[in-house]
Amino acid sequence: MTDAENAARAVLAGTATATPKSAEGTVEMIRHTKIARDTAVKSRTQAMVTLKALIVTVPDELREQLQGLPKMTLIDRCAGLRPGTVTSVLASAKRSLRSLARRWLALDEEIKDHDRLLGGLTRQQAPELVEAFGIGPDTAAEALVVVGDNPEPIHSQAAFAKLAGVCPVPASSGRTDRHRLNLV
């Protein structure tokens, strides 16, 4: 049987002891913000990939001006292009590059806004987690979303590692003693 089927049978039998995530409160706000941020990051990446792919096919005089530029210089240069009336391939290319660069800039600003909000919400919910070495707002947000608003069932660091899917499991062979992350 699958885990979902076992869970459903336990609920129907009245033997289920787990408390579902409440889906309200600060952690739910963090989850919403994290989803919006993650999709903006994905879209920003796609905009850059598309912009660079388009540069390969634009007219030679424009391509020569843009190839090899550092990322932010490229974005700024493309965002400032002035295509004029679209009556040529060059004008069409400039218009499209400008559109992609401006989209990238808008998404970058949106991501920064989400990061500010995530920073405040995670600091409010778990200040000690955000202060830990190597844990930023995004990582803290991910951990808080995994735990939910009711962390009572998690009684130890090992239980949290198991829940988060990062507990070590033996991966030894012969005389070598190794571990890998349990990503199941």
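The values are calculated or read from the model by the stated rules, or taken from the named source; none is laboratory data. Given the structure is predicted, the values throughout are model-derived calculations rather than measurements. All Cβ positions, even for glycine, are placed from backbone atoms using ideal geometry, and neighbour counts span all protein chains on display. Heavy atoms of the whole protein, side chains included, go into the accessibility calculation; ligands, DNA and RNA do not. Shrake-Rupley method; radii C 1.70, N 1.55, O 1.52, S 1.80 Å.
Is it true that Ala126 is modelled with pLDDT under 80 and either surrounded by 14 or more Cβ atoms within 10 Å (Cβ to Cβ) or among the small types (Gly, Ala, Ser) (or both)?
Values: modelled with pLDDT under 80: no; either surrounded by 14 or more Cβ atoms within 10 Å (Cβ to Cβ) or among the small types (Gly, Ala, Ser) (or both): yes.
The answer is no for Ala126.
Before we move on, is Ile154 among the β-branched types (Val, Ile, Thr) and open to solvent by 40 Å² or more (accessible area, probe 1.4 Å)?
Values: among the β-branched types (Val, Ile, Thr): yes; open to solvent by 40 Å² or more (accessible area, probe 1.4 Å): yes.
Yes; evaluated as a whole, the condition is true for this residue.
Can you go through Ala47, Ala93 and tell me which one is among the small types (Gly, Ala, Ser), modelled with pLDDT of 95 or more and touching a Phe, Trp or Tyr at 6+ places or on another chain (Cβ under 7 Å)?
Working: Ala93 fails: touching a Phe, Trp or Tyr at 6+ places or on another chain (Cβ under 7 Å).
Ala47 is the lone residue from the list that is among the small types (Gly, Ala, Ser), modelled with pLDDT of 95 or more and touching a Phe, Trp or Tyr at 6+ places or on another chain (Cβ under 7 Å).
So that you can scan it fast, the table gives a plain yes or no per residue for (1) under 19 Å from Ile111 (Cα atoms); (2) in contact with a helix residue (DSSP H, G or I) (Cβ under 6 Å, 6 or more places away or on another chain); (3) open to solvent by 50 Å² or more (accessible area, probe 1.4 Å):
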site	(1), (2), (3)
Gly25	no, no, no
Arg44	yes, yes, yes
Gly68	no, no, yes
Arg77	no, no, yes
Pro83	no, yes, no
Ser88	no, no, yes
Worksheet, complete the sentence: Scanning segment 129-146 for residues that are within 14 Å of the chain's Cα centre (by Cα) and of a type in the set (Gly, Ala, Ser), the one modelled with the highest pLDDT turns out to be Ala141
Item to complete: Mind listing whichever residues of segment 49-78 are more than 17 Å from Ser92 (Cβ to Cβ) and of a type in the set (A, V, I, L, M, F, W, C)?
Response: Val49, Leu69, Met72, Leu74, Ile75
Worksheet item: For segment 87-104, what are the residues that are closer than 19 Å to Asp60 by Cβ and hydrophobic (A, V, I, L, M, F, W, C)?
Response: Val89, Leu90, Ala91, Ala93, Leu97
Practice prompt. May I ask you to verify whether Asp113 is acidic (Asp, Glu) and open to solvent by less than 60 Å² (accessible area, probe 1.4 Å)?
Written response: no
